[in-house]
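For reference, the structure is listed below as structure tokens.
No value in this document is a laboratory result; all are computed from the given coordinates. For clarity, every value in this text was computed on a predicted model and none was experimentally measured. Glycine also receives a Cβ, built like all others from the backbone with ideal geometry; neighbour counts cover every protein chain displayed.
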Number of protein chains: 2
Amino acid sequence: MDLHILDHRLRVTSISKNGLVHFTHPLIKLIFLRNRTGCKFFSLTETPENYTVVLDEEGFKELQPSEHLQVEGSIWLPLNVVANGNVSSSSQAVGVTKIAKSVIAPLAEQHVSVFMLSTYQTDFILVREKDLAVVVSTLEEEFHIFREVAGESVPLCRQDAHNGLHKNGKEAILPTVHPVLIPQNHFCVMSLDPDTLPSIATTLIDVLFYSNSPKDDAASTPGQELDCVKFFSFSLIDGYISLVMDTEAQRQFPADLLFTSSSGELWRMVRIGGQPLGFDECGIVAQISQPLADSDISAYYISTFSFDHALVPEEDIARVTEMLHHQRKDAAAS
Amino acid sequence: MDLHILDHRLRVTSISKNGLVHFTHPLIKLIFLRNRTGCKFFSLTETPENYTVVLDEEGFKELQPSEHLQVEGSIWLPLNVVANGNVSSSSQAVGVTKIAKSVIAPLAEQHVSVFMLSTYQTDFILVREKDLAVVVSTLEEEFHIFREVAGESVPLCRQDAHNGLHKNGKEAILPTVHPVLIPQNHFCVMSLDPDTLPSIATTLIDVLFYSNSPKDDAASTPGQELDCVKFFSFSLIDGYISLVMDTEAQRQFPADLLFTSSSGELWRMVRIGGQPLGFDECGIVAQISQPLADSDISAYYISTFSFDHALVPEEDIARVTEMLHHQRKDAAAS
């Protein structure tokens, strides 16, 4: 397998719910007017807490400093695992499950924080630039590692990465087992031809920027909402669009433009963290991706500023729930 | 002819050029998400100085007070002249020319300030609510006057309007003849099926909100720009859309969606006012619409926060220029 260190230097930021109005101008530019920015990596995820915006330095220039904007201090680099054709994998699972044992677990053992961003197309593993040497030395036995530079994939010389390397300590630490929340909504992971993005512009703008204002025709059932969690993710990365939304949001879009890998495929969410997780704890992704990999259950995984979110197939949610229940019991017992 | 006092109570506001980013959220809502606001009268006009926003009280609620927002203190009511079928008019001219002698001139004589807003569909004559009694008594000989209330046209009882009426003095005053500017750009006055508004959303957003940021592919000729004046007007009034833009902006829109009354019809602009005009001077519209009416030259007329703008047919611009030249000479001689 190949591991690519992509040519994007990313910032991880958060816009407060009340602050969104102040960022409508730059965000609409980043989403719809690609030619007006040099941004090539953009992701916006709404959760009940805030809006997580991950974007490259060109995109980051568009965001003016504000009390409504929190910026994680590091530069993050996206990694991408590419099956190079001659690998026979016994797993049919997709998403983060595929890389749980080869990438997520080893990095967790090395105390490397990761920020995951699954999309319709692929799974990005974001690591801090300062951790790159550790990442490379940890993964170079399993992977051919390439660094993308100006569109070219350059094999990484071991020396490059090892300069200044000091491996993190390897003492076994017992990771915290975070509480999880399993909301009732059903999610879809979809894509869209970038050329048809203008066709859904007003709907997307409505959902992203105005969904919290009262609708004239709103007929919401308050009891139902308590069990559902607001979650909407849009990403535009290297020209590819990915959308994650629940079925309620999906109904607002024209049915003929968005596509999903197999029609009607629905996902349930496991939100990880009772309290905001922060960025320094390691092993959070591993905590959930390991048991999923053991059971060969597909999962998308989207980290946000406050919480992590795994999406698992609807038909597997009972197994996953039980699995997580046992994990918590074991942790409490130890 | 009938004169309708429409059922909208309007505010006339101005957003500074730098302030537009702070108003992107409410303006996009007002333009594209009609169902989310109760606004039924909305007009946005970009000029080199600022953005003039005229909107009803429901729409005005969407605009947060800000150092970037100027609000004219009055409530304005839109009047609309409706030819009721049995009138034989010798004039083929359209726009403000048609109402120059019957409405504009008499109101100017009564020292009533008017704010004109021509659209593709019709010409709105905005008058201050406090001037309504004078307006009615001035125009009731020429027109059947109706007040629209909740979608119904109710004939105005003379008594209603005359209560508290004190006609403004009628002493002849010599109006200031304002300098005019005739830029080189050619304008189109267009409309659009409201159902297809989403199809041009990203282009319209680009033109309205991002046209001042540098384009990657900009190949502008600086000398040419000096002679052109930025002017773009969008209005959405009672479900009807009107767009006024120059041919450069028009080229950015798909050719098949916008329509104009006769294809290829182009208009030249006469901008009135060397200094911002303010709202209290009367007779500015009359100054230009009278000679146009005398010569039976069609004209759209759009007032903004700082200046007034007449649009006349391309083929008549030489006559209009000469006419205005004489007007200034006469004024200087008197």
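Table for the structure above
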quantity	calculated
Summed residue charge, Cβ within 13 Å of B:Gly273's Cβ, Lys/Arg positive, Asp/Glu negative	-2
Within-12-Å neighbourhood charge of B:Gly283 [Cβ basis; K, R +1; D, E -1]	-4
Under 29 Å, Cα to Cα: Lys pairs in chain B, sequence gap 8 or more or different chains	29
Per-residue Cβ neighbour rank within 10 angstrom, fewest leading, B:His144, B:His111, B:His326	B:His326, B:His144, B:His111
Inter-copy spacing of A:Arg328 label points, which lie 7 Å from Cα along Cα→Cβ, given in nm from shortest upward	8.0
Rough spin-label spacing in nm, given labels placed 7 Å along Cα→Cβ, for B:Ser295 and A:Glu152	6.6 nm
Sum of -39500 (n - 2.57) over DSSP H runs of 4+, divided by residues of the protein assembly as shown (222 nm, nearest 500)	-6000 deg cm²/dmol
Proximal charge balance of A:Met190 [Cβ under 15 Å; K/R count +1, D/E count -1]	-4
Candidates A:Met323, A:Met190, A:Met269, ranked by Gaussian network fluctuation over chain A, Cα under 10 Å, top entry	A:Met323
Inter-copy label distances at A:Glu129 (7 Å, Cα→Cβ; nm, one decimal)	5.7
Other-copy label distances relative to B:Lys101, 7 angstrom Cα-Cβ extension, nm	9.3
Rounded if a/c under 1.5, otherwise prolate or oblate - the range B:3-64, Cα gyration tensor axes	oblate
